[in-house]
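Report on the structure given below.
Values quoted throughout were computed directly from the atomic coordinates according to the rules given, and no laboratory measurement underlies them. Remember, it's a predicted structure, so these values are computed and weren't measured experimentally. Here the Cβ positions follow ideal geometry from the backbone for every residue, glycine too, while neighbour counts run over all protein chains shown.
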Amino acid sequence: MSLGEEIAGDNIEVPDVEEEGNTTVIKVKTFYNRSDEKNSFIAIGLDRVQSDVVIEDTNGTVFKDAPDVE
């Protein structure tokens, strides 16, 4: 997951992962810490993922899928 350059200087953490039926919900928290990172990212490894994946921040905002990147 990448925040993109719009949120430069923020960090990401994953406080929780939940399964709701056929959906895996990955809860993320971002916070500003004056980092020099221009595009913060985090790699998330899971043992199991449902057919639908939703990434949601702790305020309830759901992140959009990024376009396919090759």
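3J(HN,Hα) couplings calculated from phi for region 57-65 with the Karplus curve 6.51 cos²θ - 1.76 cosθ + 1.60 (θ = phi - 60°) are, in sequence order, 7, 5, 8, x, 6, 9, 7, 7, 5 Hz; Gly and Pro show x. Annotation for Glu18 and Val54: the two label points, set 7 Å from Cα along the Cα-Cβ direction, are 0.9 nm apart. Across region 10-17, coupling constants 3J(HN,Hα) worked out from phi with the 6.51/-1.76/1.60 Karplus curve, θ = phi - 60°, read 8, 10, 10, 9, 10, x, 6, 10 Hz, and Gly and Pro carry x. Between Lys27 and Lys64, the modelled labels are 2.6 nm apart [label points 7 Å from Cα along Cα→Cβ].
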